[in-house]
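Take a look at the structure below.
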Amino acid sequence: MFRRVGVVGATGAVGRIMVRLLEERDFPAEDFKFIASARSAGRTIGFRGKDYTIQELTPQVFEDVDLVISSTPDDVARDFLPHAVEAGATVIDESGYWRMKPDVALVIPEVNPEDALNARGIIASPNCSTTQMVLALKPLHDAARVRRVIVSTYQAVSGAGLQGTRDLMEGTRAALAGEPYAYQAFAHPIAFNAIPQIGSVKEEGYTSEELKMVYETRKILHDDTIQINATCVRIPVANCHSESITVETERPISPEEARELFASFPGLAVIDDTPNGRYPLPSECSGRDEVFIGRIRRDLSHPNGLSFWCVSDNLRKGAATNAVQIAELLARHRS
């Protein structure tokens, strides 16, 4: 059991879910500390029948904490989380800043739990679009070694934070009323639209979100030979990311075998009955912790190819749930 857990970013979109999960799942700790920016400091938060005062994020706030679960922008994680490590805490970080650092473990508990157990200091939780894809790839990789992945993502506005959700709601109302709206989270209108750019432009015309899926996947699976081509698109859906994934493996995997592999792997759920219109939908997967798989079929263009549809709640398994599951993994093995 941990003595005191600090939740950094407790008032943000992901942080709020972290707090709720820690309460719902009865996380084993003697006490908790809820931490946020100066703007939120001083407010109260209810947790396990008690009111806690939100404390301001400062270098000194970690002095009596032995586990930190954090969801902040990258620059905040860069500037403050080393202070938590210096104070002796284990840190689970949701930001993108630490993920690809060579000495930082990047963990999905169902996929590479040993990396978390062997880690020291900061443990990173992957990008939301990476997490659901890698969870789906893992049983295929174990069975037949994944050689190539082509993925297109259809990502919800909640991935852009609370302002992203406000932009969708208010922008849609304005569009229906024929009125202007000043978008804050997006460079283009998201209402009745699709934006084929998430993140900044990087090498070869790919975006930072797309390259995260490439490099993070290889790191988590410990296989730099996997070839991955990603296209990431923001769509006007409130919550849950969807992905169209085509995989090439060393040997053919039939749809029947794939269904069995998916259904037996922890954290995955199969909804695959296309003739009757049953497949994962964002509207039905929101609020759930599983990664849902459907539309499983042969890739007609390659003898070793398999295609499927993948949906997951990006705020839960894509972020908050994965971080809490890492914490639970550490708690189970804590002496």
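Here the Gaussian network model covers the chain, with springs between Cα atoms less than 10 Å apart; of ASN322, ASN314, ASN276, ASN276 fluctuates the most. Legend: distances between Cα atoms for LYS138/LYS212; LYS33/LYS219; LYS33/LYS138; LYS33/LYS202; pairs beyond 28 Å are LYS33/LYS219; LYS33/LYS138; LYS33/LYS202.
Given axes a ≥ b ≥ c from the Cα gyration tensor, I'd like to know whether the stretch 192-335 is rounded (a/c under 1.5), prolate (a/b larger than b/c) or oblate. In terms of gyration-tensor shape, rounded.
When a/c reaches 1.5 or more, the comparison of a/b and b/c decides; with that in mind, is the stretch 78-195 rounded, prolate or oblate per its Cα gyration tensor? Because a/c hits 1.5 or more and a/b fails to exceed b/c, the stretch 78-195 counts as oblate.
Shown is the FRET efficiency for ARG148 and ARG332, computed with R0 = 35 Å from the Cβ-Cβ distance and rounded to the nearest 0.05: 0.50. Taking one quarter of the surface of the convex hull spanned by the alpha-carbon atoms of the stretch 193-247 gives a direction-averaged projected area of 4.6 nm².
Per the 1.4 Å probe, what fraction of the accessible area of the stretch 199-335, in percent, lies on carbon and sulfur atoms? So the carbon and sulfur contribution to the accessible surface is 49 percent. Coordinate range of the alpha-carbon atoms in the stretch 96-137 per principal axis, descending: 27, 21, 11 Å.
Extension gain for ARG3-LYS101 works out to 32.5 nm (0.36 nm per residue, less the C-alpha to C-alpha distance). Using heavy atoms of the protein chains and a probe of 1.4 Å, the accessible area assigned to THR44 is about 100 Å². The GluC sites (Glu not before Pro) of the stretch 249-335 that meet both conditions, a loop assignment by DSSP and at most 12 other Cβ atoms within 10 Å of the site Cβ, are GLU250.
Every helix of 4 or more DSSP H residues in the chain counts as -39500 (n - 2.57), and over all residues that averages to -9500 deg cm²/dmol at 222 nm.
Charge tally for HIS302 (other residues, Cβ to Cβ under 14 Å; Lys, Arg +1; Asp, Glu -1): +2. Loop-located chymotrypsin sites (Phe, Trp or Tyr not before Pro) across the stretch 186-266 with a Cβ neighbour count of 11 or fewer within 10 Å are PHE192, with loop assigned by DSSP. Taking the three principal axes of the alpha carbon atoms in the chain, the coordinate ranges are 58, 57, 40 Å, sorted in descending order. For the stretch 21-72, what does the accessible surface come to per residue with a 1.4 Å probe? Please give it in Å². The answer is 49 Å² per residue.
The C-alpha atoms of the chain define a longest principal axis, and helix 208-221 lies at about 90 degrees to it. Springs between Cα atoms under 10 Å define the GNM used for the chain, and in it the highest mean-square fluctuation of SER264, SER301, SER40 occurs at SER301.
The values are calculated or read from the model by the stated rules, or taken from the named source; none is laboratory data. Everything numeric here is computed off the predicted structure, so don't read it as measured data. Positions of Cβ are generated from backbone atoms using ideal geometry, with glycine treated the same way; all protein chains shown enter the neighbour counts. Note: areas computed on protein heavy atoms with side chains; ligands, DNA, RNA excluded. Shrake-Rupley method; radii C 1.70, N 1.55, O 1.52, S 1.80 Å.
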